[in-house]
Amino acid sequence: MSKNGGRSYTAGLRILDLKDVANGKLSEVASLDIMPNDDSAEFEGVWSIFPYYNSGSVAVAGINGTLYVVRPNL
């Protein structure tokens, strides 16, 4: 797996502010790193993110079977 592909898994959940995307600007406003001690290009970390709950909760499923449910306070 390429370094970029692996990094996307181990980087965890990243929430970006899109309000200035028309000008090519994105800013990270929240994150959840489920593997804070590992940013390697391995097949580890986040498998899936489901941000579509009406409650505002976000489910983050780890490749190792963990499940995090968070509610970002934006």
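The values are calculated or read from the model by the stated rules, or taken from the named source; none is laboratory data. Keep in mind that this is a model prediction, so the values were computed, not measured. No Cβ is skipped: glycine too gets one built from the backbone with ideal geometry, and neighbour counts run over all protein chains shown.
Summary of computed values
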item	result
Any hit, the stretch 18-39, residues being at positive phi and surrounded by 10 or more Cβ atoms within 10 Å (Cβ to Cβ)	no
Residues within the stretch 18-74 that are of a type outside the set (A, V, I, L, M), within 19 Å of S8 (Cα to Cα) and in a loop (DSSP other than H, G, I, E, B), tallied	14
Selected residue (criterion: modelled with the lowest pLDDT) from residues of the stretch 1-19 that are of a type in the set (D, E, K, R) and closer than 25 Å to V70 by Cβ	R7
